[in-house]
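Worksheet for the structure shown next.
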Amino acid sequence: MKNISHFVNFKAASTSVLQWITSISKVTEAKSAFCDTQLKQSTREKQLNLVAETDSSEVYSKQVDQTTLLPEFLQGNFSNQIHYPIYNAQEVLKSEHRFKQVIDTQFIIINCAYVDEKGIRLDALTSKIVNDAKCPVLFIADDVQEPQQLKSIIYCTDIRFTEVRFMRAFGQVAKHLNCDLTIAHASDNGIPDLDIEYGKQLFNDCFAGRVNDCKMSLENLRRLDIQKYPDLIHEYLLGDVYSMINKNHLLKDGDYLDSVAVKLARIAKKPILVVNN
């Protein structure tokens, strides 16, 4: 993975969020572009952004170190890996060219305030990012637990209706993060549970030899267990990242991303990985 775009509230992001950003960047060894999502900027920040807008050449990048605009925790970790300039996300929203430039990347990380019982609440910026993103998007809520050694990405899905291309997309992320990938079969919307032996056969026939980026496994979850005992489910899965497919490309300010993965990630206080259909 070469490039990551980060959308972070520089003044409000929790230490755990910044630790996740640092941890992922170290594992992937990717160069980072940053957008500050805070609504208000100081005079100095506005001046630096104005200079950056008028001269974003390579010479400027070498002369001016904008890492001082980053949260202090990040400054020492990204001085040699940042794509200049550091943007303000509100300005990115105003420029379609700049917006496309920032999301033309291999991975996007978004710092969100929280995940409630309805799911991930999207604002104007995040909804636009998710609608247009052609790469995976990782949501990291402010109350996320501190990152440990990354071991497992959990993909919550009904395996009977899952396409290999989605498995390959998550497999690629797992490869870059040095993780295993677990398919957590989760029946939803009244669909009957999956027979255990049939599930194993389906997994072996459709996925086990066709995704070679990482080690894969299957966990067969019952719908009623997910509804009644979500705490026990997430402790059983022990995922470091929970993932889902987004099928709605017309998201807007105030909409929610919701799924079994979001529910389990909220309880476990883990990041949520989203890939567009």
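The values are calculated or read from the model by the stated rules, or taken from the named source; none is laboratory data. No experiment lies behind these values; they were computed from the predicted model shown. As a convention, Cβ positions derive from the backbone with ideal geometry for all residues, glycine included, and neighbour counts pool all protein chains shown. Just the protein is used for accessible areas: all its heavy atoms, side chains included, with ligands, DNA and RNA removed. Shrake-Rupley method; radii C 1.70, N 1.55, O 1.52, S 1.80 Å.
At-a-glance table
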quantity	calculated
Stokes-Einstein diffusion coefficient of segment 61-182, Kirkwood radius over Cα pairs, 20 °C, 1.002 mPa s, in µm²/s	126 µm²/s
Max mean-square fluctuation residue, GNM over the chain, Cα-Cα springs under 10 Å, options Q227, Q145, Q66	Q227
If the convex hull is drawn through the Cα atoms of segment 126-171, its volume per residue in Å³	123 Å³
Orientation-averaged projected area, Cα convex hull of the chain (nm²)	14.3 nm²
Unsatisfied cross-links (Cα-Cα over 32 Å) in the set K151/K228; K2/K118; K200/K252; K128/K175; K31/K228	K2/K118; K200/K252; K31/K228
Accessible area, probe 1.4 Å, largest first, for residues Y114, Y256, Y155, Y87	Y114, Y256, Y87, Y155
Packing-based ranking, highest mean first, of 238-251, 258-271 given that Cβ atoms within 10 Å are counted	258-271, 238-251
